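Asks: If you scroll down you'll find the structure; I have some questions about it.
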Amino acid sequence: MSHGDILYGPPSGPPPILLPAEVHHIARHGWLPVTLPEHLSHALQRLQVAACDFFSLEAEQKRLLYPLSRGTECGFYEVPAEKQYVTIRHTIHDSSCLETCAREVSRDATAFLHRILCDISRAGGYGLDAWNGMLDGSHEMPEDAKRLDDVTTQLRLFQYEPMTGIATEHVDIGLLTLCVSDTPGLQVLDRFTTPHRWIDTIGPIVLVGDMTRALFRSQVRAGMHRVAGNPDGRNSIVYALRPCLKGMVDLASWGGEGQVDTRDYFLKIKGSRHNINATHDIRETQKSNQLRKCQVVLSGTG
């Protein structure tokens, strides 16, 4: 074959979406305000209208439509005097407006966040193919609950109470999270000021999760954030892209060594966190249990 016959294939993975300065910002801070593709922005607007209609229903009707399951991981949940939310992870009412909008957002948000993950990998000089297995099954909302043991991505719709509707500071456990709200409340931590300061955000923002931080061996920070009280209350959409738990993770794809079981890796990260969206009593119990585990490890008796 002559030099003129050499064929050049398309680049691996989805096309870049972030500017180099934006990639640097999200890696350094763990969060990034973003401009969404038009089709995703419109889908989120439609979902917000459907979510408001859902939250206007009587509490018992909301529980019947979306029964709570898997702890707080599926269905409708209330934290008295703080917030209520519904987590949609699979089809329950296929033809409903809420789920029609939710499926559209799930598809488009996964594609958008996948591109950001690939941008971060490109910037570090790493391959992109590993994300395909990590996101297996996440581009379409599962049709039933049978796949939820493997597909952990979730869409969550919040309605916060005025002033008392908060969430304490935390990082998310997954890969990337897209948070969308048009009212104040979500705050992100700027670690590069003295002292550190909380920054109010309005509009779409992407947060790096602890799984991504771990995969990149802390070359990328996880995005510390919290929700502060808003005197008017607040509605938000949170799309948490989490890993598919099937198979093994080859850590060489992110500059590490060896292979680990994806499920074990993720559950170890998840087990080190308490559920900031549970009721106060459950949160305190989880904190106590985690503290007890740490004390056992430090004492050498575990």
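Asks: Name every residue in region 180-217 that is among the aromatic types (Phe, Trp, Tyr) and part of a loop (DSSP other than H, G, I, E, B), in order of residue number. So that I can check it myself, show each step before the final result.
Replies: Going through region 180-217, the residues among the aromatic types (Phe, Trp, Tyr) turn out to be 192, 198, 216.
Answer for region 180-217, where residues must be among the aromatic types (Phe, Trp, Tyr) and part of a loop (DSSP other than H, G, I, E, B): 192, 216.
Asks: Which ones in region 152-179 are among the hydroxyl-bearing types (Ser, Thr, Tyr), farther than 18 Å from residue 87 by Cα and assigned to a strand (DSSP E or B)? Break it down stepwise before answering.
Replies: Going through region 152-179, the residues among the hydroxyl-bearing types (Ser, Thr, Tyr) turn out to be 152-153, 160, 164, 168, 177.
Add one more test, that the residue is farther than 18 Å from residue 87 by Cα, and what stays is 164, 168.
Hit for region 152-179 is 168, nothing else.
Listed here are the residues, each with its yes/no results for (1) hydrophobic (A, V, I, L, M, F, W, C); (2) under 14 Å from the mean Cα position of the chain (by Cα).
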| site | (1), (2) |
| --- | --- |
| 103 | no, no |
| 109 | yes, yes |
| 115 | no, no |
| 118 | yes, no |
| 140 | no, no |
| 144 | no, no |
| 156 | no, yes |
| 167 | yes, no |
| 187 | no, no |
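Asks: Considering only residues that are surrounded by fewer than 17 Cβ atoms within 10 Å (Cβ to Cβ) and within 25 Å of residue 166 (Cβ to Cβ), which ones fall in region 74-120?
Replies: 78, 80, 81
Asks: Collect the residues in region 126-147 that are out of contact with any strand residue (DSSP E or B) (no Cβ under 8 Å at 6 or more places or on another chain) and in contact (Cβ under 8 Å) with a residue 40 or more places away in the chain, keeping them in residue-number order.
Replies: Let us first name the residues in region 126-147 that are out of contact with any strand residue (DSSP E or B) (no Cβ under 8 Å at 6 or more places or on another chain), namely 126-129, 131-132, 139-140, 143-144, 146-147.
Residues satisfying the conditions are 126, 127, 128, 129, 131, 143, 144, 147.
Asks: Further question: Which condition number does residue 168 fail, the rest of (1) at pLDDT 95 or above; (2) within 23 Å of residue 213 (Cβ to Cβ); (3) among the polar types (S, T, N, Q); (4) surrounded by fewer than 23 Cβ atoms within 10 Å (Cβ to Cβ) being met?
Replies: Among (1) at pLDDT 95 or above; (2) within 23 Å of residue 213 (Cβ to Cβ); (3) among the polar types (S, T, N, Q); (4) surrounded by fewer than 23 Cβ atoms within 10 Å (Cβ to Cβ), the lone unmet condition for residue 168 is (1).
Asks: Within region 47-70, can you find the residues that are loosely packed, with under 15 Cβ neighbours inside 10 Å and either touching a helix residue (DSSP H, G or I) at 6+ places or on another chain (Cβ under 9 Å) or part of a strand (DSSP E or B) (or both)?
Replies: Those that are loosely packed, with under 15 Cβ neighbours inside 10 Å and either touching a helix residue (DSSP H, G or I) at 6+ places or on another chain (Cβ under 9 Å) or part of a strand (DSSP E or B) (or both): 49, 53, 57, 69, 70.
Asks: So how many residues does region 15-36 have that are over 18 Å from the mean Cα position of the chain (by Cα) and assigned to a loop (DSSP other than H, G, I, E, B)?
Replies: Selection size over region 15-36: 5.
Asks: Still on this structure, I have one more. Got at least one residue in region 104-113 being closer than 23 Å to residue 252 by Cα, modelled with pLDDT of 95 or more and in a helix (DSSP H, G or I)? Explain how you work it out, then say what you get.
Replies: As a first pass, look at region 104-113 and keep what is closer than 23 Å to residue 252 by Cα: 113.
From the residues that got through so far, the ones that are modelled with pLDDT of 95 or more too are 113.
Among the residues that remain, those that are also in a helix (DSSP H, G or I) are: 113.
Checked against the condition, which is being closer than 23 Å to residue 252 by Cα, modelled with pLDDT of 95 or more and in a helix (DSSP H, G or I), region 104-113 yields at least one hit.
Asks: Looking only at residues that are of a type in the set (D, E, K, R) and farther than 28 Å from residue 92 by Cβ in region 114-163, which one is modelled with the lowest pLDDT?
Replies: Quick first cut of region 114-163, residues of a type in the set (D, E, K, R) only: 115, 119, 122, 129, 136, 140, 143-144, 146-147, 149-150, 156, 161.
If we keep only those that are farther than 28 Å from residue 92 by Cβ too, we end up with 115, 119, 122, 129.
On the way: 115: 97, 119: 97, 122: 96, 129: 93.
Residue satisfying both the conditions and the ranking: 129.
Each row is one residue, and each column tells you yes or no for (1) free of Cβ contacts under 8 Å to residues at least 12 places away in the same chain; (2) within 24 Å of residue 210 (Cα to Cα).
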| position | (1), (2) |
| --- | --- |
| 13 | no, yes |
| 19 | yes, yes |
| 23 | no, yes |
| 27 | no, yes |
| 30 | no, yes |
| 33 | no, yes |
| 38 | yes, no |
| 42 | yes, no |
| 48 | no, no |
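Asks: Let me confirm something: among 100, 91, which residue is assigned to a loop (DSSP other than H, G, I, E, B) and closer than 29 Å to residue 58 by Cβ? Show your work before the answer.
Replies: Values: 100 fails: assigned to a loop (DSSP other than H, G, I, E, B).
Answer to the selection: 91.
Asks: Somewhere in region 211-227, is a residue polar (S, T, N, Q), surrounded by 21 or more Cβ atoms within 10 Å (Cβ to Cβ) and modelled with pLDDT of 95 or more?
Replies: Keep residues of region 211-227 that are polar (S, T, N, Q), which gives 212, 218-219.
Pick out the ones that are also surrounded by 21 or more Cβ atoms within 10 Å (Cβ to Cβ) and you get 212.
With the extra rule that they be modelled with pLDDT of 95 or more, the set shrinks to 212.
Looking through region 211-227, at least one residue is polar (S, T, N, Q), surrounded by 21 or more Cβ atoms within 10 Å (Cβ to Cβ) and modelled with pLDDT of 95 or more.
Asks: Filter region 78-102 for residues that are farther than 15 Å from residue 240 by Cβ and in contact with a strand residue (DSSP E or B) (Cβ under 9 Å, 6 or more places away or on another chain) and give the result.
Replies: Looking only at region 78-102, we keep the residues that are farther than 15 Å from residue 240 by Cβ, and these are 78-84, 91-101.
Within region 78-102, 78, 79, 82, 83, 84, 92, 98, 99 qualify.
Asks: Restricting the search to region 178-194, which residues are in contact with a helix residue (DSSP H, G or I) (Cβ under 8 Å, 6 or more places away or on another chain) and modelled with pLDDT under 95?
Replies: Correct list: 191, 192.
The values are calculated or read from the model by the stated rules, or taken from the named source; none is laboratory data. Computed from a predicted structure; not experimentally measured. Don't worry about glycine lacking a Cβ; one is built from the backbone with ideal geometry, like all the others, and counts go over all protein chains shown.
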